[in-house]
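See structure below.
Nothing in this text is a laboratory measurement; each read-out follows from the coordinates by a stated rule. For clarity, every value in this text was computed on a predicted model and none was experimentally measured. Ideal geometry is used to build each Cβ from the backbone, glycine not excepted, and the neighbour counts take in all protein chains shown.
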Amino acid sequence: TQLLEQSPQFLSIQEGENLTVYCNSSSVFSSLQWYRQEPGEGPVLLVTVVTGGEVKKLKRLTFQFGDARKDSSLHITAAQPGDTGLYLCAGRNNDMRFGAGTRLTVKP
Amino acid sequence: EAGVAQSPRYKIIEKRQSVAFWCNPISGHATLYWYQQILGQGPKLLIQFQNNGVVDDSQLPKDRFSAERLKGVDSTLKIQPAKLEDSAVYLCASSFTVGAIYGYTFGSGTRLTVV
């Protein structure tokens, strides 16, 4: 059983569309990170959110940490083929636990 | 700055054989992690080191897996004997913490196939 549940598991969209992926848990985390992983590579850190209700923007990516620090969302505006990859969320307390990821495919 | 180095990139072995993976973290990063990522899943923590001491190895299958970090720098992860279900990507990561700020950097991983 995953401590962090990510949804959807798979997402395939056309270039230019918007999308939101979710990361949910019954546990409270001191912070939460989002990573993107491409085939054959390790995960690359995108953002860290620490405060409940926090919103961070990274170009076309918007990250939100839930008020109760149990869940998070990632919204991508006008997706591009370069956004294709596995998006992982990871919650941190004494250690870091990962969700299973959302595999995003953006078709040109 | 140089990233986390891992070797080999790929390894194919037969079940019941032994295998070892090597990791060189980012210079100055005190904390080192080994994760196992099975296809279609997120990374699962196997062991966490702080300098050369073990902080968490609760999910390490100690009957067959071992890891060490001599001198608090490089680390090796060994599997002996390997089982088919050990087929996965083994990721090494290192991190720093300054107050509430921390950062994880992952290596590219070693893809292990047990046949």
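Quick look at the values:
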| quantity | calculated |
| --- | --- |
| Per-residue average of Cβ from other chains inside 10 Å of B:31-42 | 3 |
| Residues A:Arg36, A:Arg92 arranged by fewest to most Cβ contacts within 10 Å | A:Arg92, A:Arg36 |
| For region A:1-60: relative contact order, % (alpha-carbon pairs under 8 angstrom, 6 or more apart) | 24 percent |
| Prolate/oblate/rounded call for chain B, Cα gyration tensor, a/c under 1.5 rounded | prolate |
| For region A:5-108, share of DSSP beta bridges that run antiparallel, in % to the nearest 5 | 90 percent |
| Per-residue Cβ neighbour rank within 10 angstrom, fewest leading, A:Thr77, A:Thr48 | A:Thr77, A:Thr48 |
| Cα centroid separation - region A:25-103 against region B:3-35, whole Å | 25 Å |
| Check: chain B dipole with +1 on Lys, Arg Cβ and -1 on Asp, Glu Cβ, in debye | 300 debye |
| Relative contact order (%) - criterion: Cα under 8 Å, at least six apart; region: chain A | 37 percent |
| Listed residues A:Glu15, A:Glu41, A:Glu54, most fluctuating in chain A (Gaussian network, C-alpha, under 10 Å) | A:Glu41 |
| Candidates B:Gly53, B:Gly40, B:Gly72, ranked by Gaussian network fluctuation over chain B, Cα under 10 Å, top entry | B:Gly40 |
| Exceeding the 20 Å Cα-Cα cut-off - candidates A:Lys70/B:Lys62; A:Lys107/B:Lys44; B:Lys11/B:Lys78; B:Lys11/B:Lys71 | A:Lys70/B:Lys62; A:Lys107/B:Lys44; B:Lys11/B:Lys71 |
| Candidates B:Asp74, B:Asp63, B:Asp86, ranked by Gaussian network fluctuation over chain B, Cα under 10 Å, top entry | B:Asp63 |
| Sorted by Cβ neighbour density within 10 Å, fewest at the top, the residues A:Ser7, A:Ser72, B:Ser108 | A:Ser7, B:Ser108, A:Ser72 |
| Charged-residue dipole, Cβ positions (Lys, Arg, Asp, Glu), chain A about Cα centre, Debye nearest 20 | 160 debye |
